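Here's the structure we're looking at; comments come further down.
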Amino acid sequence: MTRRLDINDVYTGYKTNVMRPDELIARIHIPLPSPGEIFKLYKVSKRFDLDISSFIAAFYATLREGGVIERIRIAYG
């Protein structure tokens, strides 16, 4: 049986989720930004030959006319 869940419905807190032991994530859909939306990712790494970051930031913003930010989501890791 397939369940379609939003990421906010799956994770309920730090290292806690609603998935059953016999479930796995088979697909992730990430929509492309629409006109008037901006999605940016930044990664800082001390070693360029390894895929280990010391800092990461993600920004997803909705803009209104004139380039004013109407809504923004920010994540750091």
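Listing for the model above:
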{"quantity": "Convex hull of Cα atoms in the chain, direction-averaged projection (nm²)", "calculated": "7.9"}
{"quantity": "Point-charge dipole on Cβ atoms (K/R +1, D/E -1) for the chain, about Cα centre, debye to 20", "calculated": "140"}
{"quantity": "Per DSSP, loop chymotrypsin sites (Phe, Trp or Tyr not before Pro) in region 7-77 with at most 11 further Cβ within 10 Å", "calculated": "Y14, F48"}
{"quantity": "Neighbour-limited loop hits for trypsin sites (Lys or Arg not before Pro), region 1-54 (at most 14 other Cβ within 10 Å; DSSP other than H, G, I, E, B)", "calculated": "R3, R4, K15, R27, K46, R47"}
{"quantity": "Estimated vicinal HN-Hα couplings, Hz - region 64-77 in sequence order (Karplus 6.51, -1.76, 1.60; Gly, Pro = x)", "calculated": "10, 3, x, x, 7, 6, 8, 8, 9, 10, 10, 9, 10, x"}
{"quantity": "Viscosity 1.002 mPa s, 20 °C: Kirkwood-radius Stokes-Einstein D of region 3-45 over Cα pairs, µm²/s", "calculated": "159"}
{"quantity": "Selection from T62, I72, S45, by position along the positive dipole direction of the chain (Cβ)", "calculated": "S45"}
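FYI, it's all coordinate maths here, none of it is from the lab. Because the structure is predicted, anything quoted here is derived from the model rather than measured. Note that we place each Cβ from the backbone using ideal geometry, even for glycine, and neighbour counts take in every protein chain shown.
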